[in-house]
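Some notes on the structure that comes next.
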Amino acid sequence: MVPALYDCVVAHARTAPIRHAFRHRTYMWLVDLDALPRIPRALRPLARFDTRDHFTGTAQGIREGLDAYLATRGVRLDGGRVLMLAHARVLGYVFNPLTLYWCHDRSGALVCVVAEVHNTYRQRHCYLLRPDATGRAEVAKDFPVSPFFPVDGHYRMRLPEPGERLDVTVQLERDGQRPFTATLRGRRRPATPAALLRAAAGHPWSTAAVTAGIRHHGIRLLLRGLPVQPRPDRPGPDGGATPPSGRPLRCPAGAAPAPAPVPVRQEGIAP
């Protein structure tokens, strides 16, 4: 099942205060944090999983960063499996608006889902979610994402664990209305070298395209007269944000500072 690549369609629909919608094709990885893909040397520029791109960016590995975050919330997985859905670095660059972690205990039961959000101010924030049997969860919004929405309301999410299909929905609810909905749909394929080459050829520099698309649609909304909310000047309350300078802030409260990140060895696409 993992590692796997998902050919994805990302769709955003804004209904208030003005209507605006778009669809974007890309691809994403589903990986086991304890068995990250080993990428052939020639293909490493097309896929790299870097510790500094997640959580505080200072842990020894992504799994260690996740465990440190969960520890601040009183959650212990005791070595249970964690699946991460994310973009990998492509040509040295990545931007993950949303990274999802399905966290299991040793028996394989789902304990929680962590939604790690990045905004265009180079800040990060995590939401700890407890989905029900249908994969649905709710959480108060307490981190700025779109510059056109204030930090209020709450999210309704549908986060079933990916299988043959990927089907994720995030809705923002404010004052009894749902002015924004994002969906992520995809189909799984084995993460072979050939599949990676096809995905990269079909979506050149896919991670940079994500950032370019966000800015393109932001400019369109500005030109349509949508007002921008005041820019945030503080990190998210989980302490895992990074300021506009890009320098990582402190470790999550209660967690000891971790050593500098070390390179992830990647040799061939295999668990």
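The values are calculated or read from the model by the stated rules, or taken from the named source; none is laboratory data. Being a predicted model, the structure only gives us computed values, none of them experimental. Positions of Cβ are generated from backbone atoms using ideal geometry, with glycine treated the same way; all protein chains shown enter the neighbour counts. Only protein heavy atoms, including side chains, enter the accessible area calculation; ligands, DNA and RNA are left aside. Shrake-Rupley method; radii C 1.70, N 1.55, O 1.52, S 1.80 Å.
Quick one: how many residues across the stretch 159-196 are touching a Leu at 6+ places or on another chain (Cβ under 7 Å), under 26 Å from residue 42 (Cβ atoms) and of a type in the set (A, V, I, L, M, F, W, C)?
3
Checking residue 94 against (1) open to solvent by 30 Å² or more (accessible area, probe 1.4 Å); (2) closer than 26 Å to residue 180 by Cβ, which single condition isn't satisfied?
Exception for residue 94: condition (1).
Could you list, in sequence order, the residues of the stretch 170-195 that are at pLDDT 95 or above, open to solvent by 20 Å² or more (accessible area, probe 1.4 Å) and either in contact with a helix residue (DSSP H, G or I) (Cβ under 8 Å, 6 or more places away or on another chain) or part of a loop (DSSP other than H, G, I, E, B) (or both)?
Within the stretch 170-195, 189, 192, 193 meet the criteria.
Could you pull out the residue among 23, 48, 52 that is under 24 Å from residue 198 (Cβ atoms), open to solvent by 20 Å² or more (accessible area, probe 1.4 Å) and touching a residue at least 60 places away in the same chain (Cβ under 8 Å)?
48
Output the number of residues of the stretch 142-160 satisfying the condition of being over 22 Å from residue 219 (Cβ atoms), in contact with a Pro (Cβ under 7 Å, 6 or more places away or on another chain) and open to solvent by less than 30 Å² (accessible area, probe 1.4 Å).
The total comes to 1.
Pairs please, first residue from the stretch 186-210 and more than 21 Å from residue 22 (Cα to Cα) and of a type in the set (Lys, Arg), second anywhere and open to solvent by less than 20 Å² (accessible area, probe 1.4 Å) and assigned to a helix (DSSP H, G or I), Cβ atoms under 6 Å, 6+ apart in sequence or on different chains.
Note: pairs meeting the criteria are 189/195.
Residues to consider are 152, 142, 132; find the one that is on the phi < 0 side of the Ramachandran plot, free of Cβ contacts under 8 Å to residues at least 12 places away in the same chain and of a type in the set (D, E, K, R).
The unique qualifying residue is 132.
Starting from the stretch 62-82, keep only residues that are surrounded by 15 or more Cβ atoms within 10 Å (Cβ to Cβ), then list their pairs with residues that are among the basic types (Lys, Arg) whose Cβ atoms are within a distance under 8 Å, requiring at least 6 positions of separation or different chains.
Going by the 8 Å Cβ cut-off, the qualifying pairs are 70/76; 77/106; 80/106; 82/63.
Go through the stretch 97-118 and report how many residues are open to solvent by 10 Å² or more (accessible area, probe 1.4 Å) and charged (D, E, K, R).
Final tally of qualifying residues: 2.
I need the full set of residues from the stretch 26-45 which are closer than 26 Å to residue 81 by Cβ and either of a type in the set (Phe, Trp, Tyr) or free of Cβ contacts under 8 Å to residues at least 12 places away in the same chain (or both), in order please.
Of everything in the stretch 26-45, those that are closer than 26 Å to residue 81 by Cβ and either of a type in the set (Phe, Trp, Tyr) or free of Cβ contacts under 8 Å to residues at least 12 places away in the same chain (or both) turn out to be 27, 29.
Taking the condition of being under 10 Å from residue 88 (Cβ atoms) and of a type in the set (A, V, I, L, M, F, W, C), how many residues in the stretch 196-212 meet it?
1
Can you tell me which residue is modelled with the highest pLDDT among those in the stretch 6-15 that are open to solvent by 30 Å² or more (accessible area, probe 1.4 Å) and closer than 14 Å to residue 177 by Cβ?
That would be 13.
Determine whether residue 139 is aliphatic (A, V, I, L, M) and open to solvent by 10 Å² or more (accessible area, probe 1.4 Å).
Against the criterion (aliphatic (A, V, I, L, M) and open to solvent by 10 Å² or more (accessible area, probe 1.4 Å)), residue 139 qualifies.
For the subset of the stretch 164-179 comprising residues that are touching a residue at least 40 places away in the same chain (Cβ under 8 Å) and not aliphatic (A, V, I, L, M), which member is farthest from residue 8 (Cα to Cα)?
Going through the qualifying residues, I end up with 177.
Quick one: what pairs do we get from the stretch 87-110, first residue on the phi > 0 side of the Ramachandran plot, second crowded, with 16+ Cβ neighbours inside 10 Å and not hydrophobic (A, V, I, L, M, F, W, C), C-beta under 9 Å, 6+ apart or different chains?
Filtered contacts from the stretch 87-110: 91/207; 92/48; 108/80; 108/81.
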